[in-house]
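The structure appears right after this line, and notes come after that.
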Amino acid sequence: MIDMVGIGPFVVMPIVVSYFHNGLFLWAWIFGSFTAFVDAMIWSELGAAYPLAGGSYNFLRIGYGKRWGGLMSFLFVWQTCIQAPLVVASGAIGFAQYLSYIIDMNWLQQKLISGGVVIIVFILLYRKIETIGKISVALWIVVILTVVWIIISGFSHAQHSIRLAPIGEESFFKYAFWAAIGHGSVKTVYSYLGYYNVCHLGG
């Protein structure tokens, strides 16, 4: 659960909104969710066809066969060793950025907070899987309550118009709109990722 709805929306929300100057930024979230849904259906088919521990590692090994399967599986593990810490780091940086709205911090203090969050996460994860499951549920509840709070605050203290349809000279058929959709959707997909991790536990 915490994999699917985590720090992502909080980190990318301001970035996505900044791409749109006409209040149509919700379309980036709609396109991102559609892309994530299509991808999730592919992962569900792969997980059902090959219920093996390791997920992507096995899908690549089987999909590319004996000749290239080993190499592709190795490359997947190699890139995960780089990508996974970056995901944790982005969450920690996002936490420090939001904390800076509550507590006045300089650049160095933000970095120290980010590093501290990573260390705390490491300590929390160094436990039995059952305990980690309970921690994940608690964190997921906190995240969902925070998302609900942000949605209510957004509607009650809106400083920008939130629309699904263009008005006046605006149009869905302008380059600027689709450029914003393209840039924004890349960011929103980051918020939806995590659903495929269940395939890693398929065995």
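The values are calculated or read from the model by the stated rules, or taken from the named source; none is laboratory data. Computed from a prediction, not measured in an experiment: that's the story for all the values here. Please note: Cβ atoms are built from the backbone with ideal geometry, for glycine as well, and neighbour counts cover all protein chains shown. For the accessible areas, the whole protein counts, side chains as well, though only heavy atoms, and no ligand, DNA or RNA atoms are used. Shrake-Rupley method; radii C 1.70, N 1.55, O 1.52, S 1.80 Å.
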Discussion item. For LYS187, what accessible surface area do you get with a 1.4 Å probe? Give it in Å², rounded to 10.
Written reply: 60
Worksheet, complete the sentence: Hydrodynamic radius by Kirkwood for the chain, inverse mean 1/r across distinct Cα pairs, in Å, is 19.5
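So what is the relative contact order for segment 72-203, in percent, with contacts set as C-alpha pairs under 8 Å and at least six apart?
13
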Discussion item. Could you order the peptides 49-55, 94-100, 139-145 from most to least packed, using the average number of other C-beta atoms within 10 Å per residue?
Written reply: 94-100, 49-55, 139-145
Fill in: Selected from ILE150, CYS199, VAL12, residue furthest toward positive end of dipole (the chain; charges at beta carbon)
CYS199
Worksheet entry | Mean ellipticity per residue at 222 nm, deg cm²/dmol - from DSSP H runs of n ≥ 4 across the chain, formula -39500 (n - 2.57) | -26000 deg cm²/dmol
Fill in: Given charges at beta-carbon only (K, R positive; D, E negative), |dipole| of segment 30-172 in Debye
640
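Please report, as a whole percent, how much of the solvent-accessible surface of segment 51-203 comes from carbon and sulfur atoms (probe radius 1.4 Å).
The C+S portion of the solvent-accessible surface of segment 51-203 is 73 percent.
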Worksheet entry | Probe 1.4 Å - accessible area at LEU26, Å² to nearest ten | 60
Worksheet, complete the sentence: From highest to lowest solvent-accessible area (probe 1.4 Å; ligands, DNA and RNA excluded), MET41, MET105 read MET41, MET105
Worksheet item: Excluding ligands, DNA and RNA, what is the solvent-accessible area per residue of segment 48-195 at a probe of 1.4 Å, expressed in Å²?
Response: 73
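Classify segment 143-203: rounded, prolate or oblate, from the alpha-carbon gyration tensor (a ≥ b ≥ c, eigenvalue square roots; a/c under 1.5 rounded; otherwise prolate if a/b is larger than b/c)?
oblate
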